[in-house]
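Novice: One structure, pasted below without further comment.
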Ligand SMILES: [Mn+2]
């Protein structure tokens, strides 16, 4: 029988405390007691694991508070992220002790001024959490700096492979000292493994083109704190296999699995990323066009941009699908293509239903969503 780790117990007790605090109706409420840590709306491995790591250290520094990480998705979407479930399971962290978007969206108004820390994003883009925009206290991120929350402390926004790298680097001295004490050594080991999950996944085990020197340095430091017998390649391969598993997921599921939404100049854009190419989709998910339309309808989105990434062996490493649901979405797509078709190297592959759905090969394989989003914003 295995006992819950200290990290698991901390998540559990903060989860309970959170509900005590928000259900407390007496007059002398100390809203400051509650502090949120949020990852971005795609709720990928980087965002979710890093929010727990960050919350753990912040709780350690600010004992008088109740620091709760939350996952920026409805709880029923957790099943779409098998690599995240796998990492949580390795560390025996129960998903029952985690807070999701549903809870935070319905938090009583008096908590809108509770401090919030952002990891893996630097703007509160989901409307459900926009109410916290006046109380952002800290930001650590690796996306393009949108110039918000200039007084946040920390405010670290730097390009590198994984946000986990920056968060681990920021708290490294604390991790070191926790690891030195016998009492907290096991916690430190858990935290190191938790941080290494996204760090290795995002950098392809420190080998892909996104990997920076900082990622490598920080990973090397974290390797000193992992439990004895922990095997880096085995760990990476296990998570990677889970991430690459598409079994049991409909095309609709894949659209929700790694989704971001934007509203440049009031045009609503949904931008899912999928780790497969169009050939695979046509062959294995033959209802995809219908599901794409239903998805756009459900989200009431003007334009859907799907970023497809293929394996290294194929000629094109990336492809892109555009679906114009509304006229507004259509004219935005025209503007986007006019401005950026060339630098993205978009070559028309298929034109479906009178131009409503278009599929492109994308020659510029370095242009991931992180790079394309500023181009979209540039079209306003
Ligand atoms: Mn990230």
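Derivation of every value follows stated rules applied to the coordinates shown; laboratory data play no part. These figures come from a predicted structure and were not determined experimentally. Neighbour counts run over all protein chains shown; Cβ positions are idealised from the backbone, glycine included.
Novice: Compute the length gained on full extension between residue 89 and residue 230: take 0.36 nm times their separation in residues and subtract their Cα-Cα distance, giving the result in nm to one decimal.
Specialist: 49.2 nm
Novice: Expected output is a single nm value to one decimal: the length gained when fully extending between residue 109 and residue 355, i.e. 0.36 nm times separation in residues minus the C-alpha distance. What is it?
Specialist: Net length gain for the segment: 84.0 nm.
Novice: Scattering from the C-alpha atoms of the chain alone, worked out with Debye: what is log10 I(q)/I(0) at q = 0.13, 0.15 1/Å?
Specialist: For the chain, the Cα-only Debye profile gives -1.10, -1.41.
Novice: Could you state the angle between the C-alpha long axis of helix 6-23 and the longest principal axis of the C-alpha atoms of the chain, as a value from 0 to 90 degrees rounded to the nearest 10?
Specialist: Taking Cα atoms only, the helix is inclined about 80 degrees.
Novice: Can you tell me, using C-alpha contacts under 8 Å and at least 6 residues apart, the relative contact order of the chain as a whole percent?
Specialist: Computed value for the chain: 12 percent relative contact order.
Novice: Please work out the C-alpha center-to-center distance from the stretch 274-319 to the stretch 345-380 and express it in whole Å.
Specialist: Centre-to-centre (Cα) distance: 12 Å.
Novice: Taking the chain as a Gaussian network, Cα atoms linked when under 10 Å apart, which of 256, 117, 94 shows the biggest mean-square fluctuation?
Specialist: Residue with maximal mean-square fluctuation among 256, 117, 94: 94.
Novice: Among bridges DSSP assigns within the chain, what percent are antiparallel (round to 5)?
Specialist: 50 percent
Novice: Could you identify which residue out of 292, 150, 88 has the top mean-square fluctuation in a GNM of the chain using Cα springs shorter than 10 Å?
Specialist: Top of the fluctuation ranking is 150.
Novice: Also, I was wondering about something else. Fewest to most neighbouring Cβ within 10 Å: what's the order for 380, 269?
Specialist: 380, 269
Novice: Relative contact order for the stretch 294-380: what percent, with Cα pairs under 8 Å and sequence separation of 6 or more?
Specialist: Once normalised by length, the contact order is 28 percent.
Novice: A follow-up question, please. Distance in nm between label sites at residue 158 and residue 240, each 7 Å beyond Cα in the beta-carbon direction?
Specialist: Once both label points are built, they end up 2.6 nm from each other.
Novice: Return the single residue from 43, 55, 333 with maximal mean-square fluctuation; model: Gaussian network over the chain, springs between Cα atoms under 10 Å.
Specialist: Of 43, 55, 333, the most mobile in the Gaussian network model is 333.
Novice: Any chance you could give the angle, 0 to 90 degrees and rounded to 10, that helix 288-299 forms with the longest Cα principal axis of the chain?
Specialist: Computed tilt is about 60 degrees.
Novice: Another question about this same structure. Which residues among the stretch 338-380 fall inside the zone where the amide N is under 11 Å from a point 7 Å beyond the Cα of residue 262, along Cα→Cβ?
Specialist: 369-380
Novice: Right, something else. Quote the FRET efficiency, to the nearest 0.05, computed for residue 380 versus residue 221 with a Förster distance R0 of 45 Å and r equal to the Cβ-Cβ distance.
Specialist: 0.65
Novice: Between residue 128 and residue 313, what FRET efficiency comes out of the Förster formula 1/(1 + (r/R0)^6) with R0 = 51 Å and r the beta carbon distance, rounded to 0.05?
Specialist: Approximately 0.80, to the nearest 0.05.
Novice: Only residues of the stretch 264-286 count here: report those whose backbone N is under 19 Å from the spot 7 Å along Cα→Cβ of residue 339, or say none.
Specialist: It comes to 264-272, nothing else.
Novice: Sort 211, 203, 50 so that the residue with the fewest other Cβ atoms within 10 Å of its own Cβ comes first and the one with the most comes last.
Specialist: Exposure proxy ranking, most exposed first: 211, 203, 50.
Novice: Quick check: residue separation of residue 173 and residue 253 times 0.36 nm, minus the Cα distance between them. What number comes out in nm?
Specialist: Length difference between fully extended and current span is 24.8 nm.
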